[in-house]
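Written out below as structure tokens is the structure these notes cover.
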Amino acid sequence: MTRIGITGHQGLPAEAVPYVTQKIRDILTETAPPLVGYGALAEGADQIFAHELLAAGGDLHVVIPATGYEGTFSDADKNTYFALLDKATSVTHLRFDSPSEEAYDAAGQWVSKHCETLIAVWDGKPARGLGGTADAVAHARKLGRTVHVVWPSGVRRT
């Protein structure tokens, strides 16, 4: 079994989505099955990863950072969140009473701890707050995980 995690930006620029989707698909295709994927189903990179993982026949393990997490999503992303959550083979609920930077940081650390490989949809810039993509990458590297950074050249986040 290969355990693979996801961390990445929300609000991906539209021009980044096809590249990110293809790179995630390529990494999953090149990874020996069976696959177990870990992520929080956040809008953007996490949801793309979950779709691609399921399409590749992998099992999805969802990490819910806090009570009320679903309230942080827009309507469209909330629908996607619940649809993907329904397809999860397992779910871990972290013990935070409400969504916060601390809860997101804990979720990133949890994913990094439980995977062998981390896909990071990351522009390489510092986190914009505690629990950002850069924090999860730093934690995964500290643990000695393989980290695949995925980001299209020349694309900037707004």
Given the alpha-carbon gyration tensor of the chain, what are the semi-axes of its equivalent ellipsoid in whole angstrom, ordered largest first, with each equal to the square root of 5 times an eigenvalue?
-> 20, 18, 17
What's the Kirkwood radius of segment 1-61 in Å, using all Cα pairs?
-> 11.4 Å
For labels at N79 and V149 in the simple 7 Å Cα→Cβ model, what's the distance in nm?
-> 3.6 nm
Rg (one decimal) and Dmax (whole number) from the Cα set of segment 26-83, in Å, equal 12.1, 36
Does segment 72-118 come out rounded, prolate or oblate by the C-alpha gyration tensor, with a ≥ b ≥ c the root eigenvalues, rounded set by a/c under 1.5 and, if not, prolate when a/b is larger than b/c and oblate if not?
-> oblate
Probe 1.4 Å, accessible area per residue of segment 27-158, Å² | 50 Å²
Can you give the net charge of the other residues whose Cβ lies under 11 Å from the Cβ of V36, counting K and R as +1 and D and E as -1?
-> -1
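Using every Cα-Cα pair within segment 71-158, state what percent have a distance larger than 15 Å.
Values: 2579 of 3828 pairs.
Value for segment 71-158: 67 percent of Cα pairs lie more than 15 Å apart.
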Expressed in nm to one decimal, what extension gain is obtained for the pair E102 and E70 from 0.36 nm per residue of sequence separation less their Cα-Cα distance?
-> 9.9 nm
Can you give the charge dipole size of segment 31-158 about its Cα centre, rounded to the nearest 20 debye, using +1 on the beta carbon of Lys and Arg and -1 on the beta carbon of Asp and Glu?
-> 460 debye
With each run of n ≥ 4 DSSP H residues scored as -39500 (n - 2.57), what mean residue ellipticity at 222 nm is computed for the chain after dividing by its residue count and rounding to the nearest 500 deg cm²/dmol?
-> -12000 deg cm²/dmol
Kindly list the residues of segment 1-23 that lie in the label zone of L54, defined by a backbone N under 17 Å from the point 7 Å along the Cα-to-C-beta vector.
-> 6, 21
Share of the chain's accessible area from carbon and sulfur, percent, 1.4 Å?
-> 49 percent
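For segment 1-81, which GluC sites (Glu not before Pro) are both in a DSSP coil and crowded by at most 10 other Cβ atoms within 10 Å?
Of the GluC sites (Glu not before Pro), the ones in loops of segment 1-81 whose Cβ has at most 10 other Cβ atoms within 10 Å are E30.
The values are calculated or read from the model by the stated rules, or taken from the named source; none is laboratory data. Everything numeric here is computed off the predicted structure, so don't read it as measured data. No Cβ is skipped: glycine too gets one built from the backbone with ideal geometry, and neighbour counts run over all protein chains shown. In case anyone asks, the SASA skips ligands and DNA or RNA and just uses the protein heavy atoms, side chains included. Shrake-Rupley method; radii C 1.70, N 1.55, O 1.52, S 1.80 Å.
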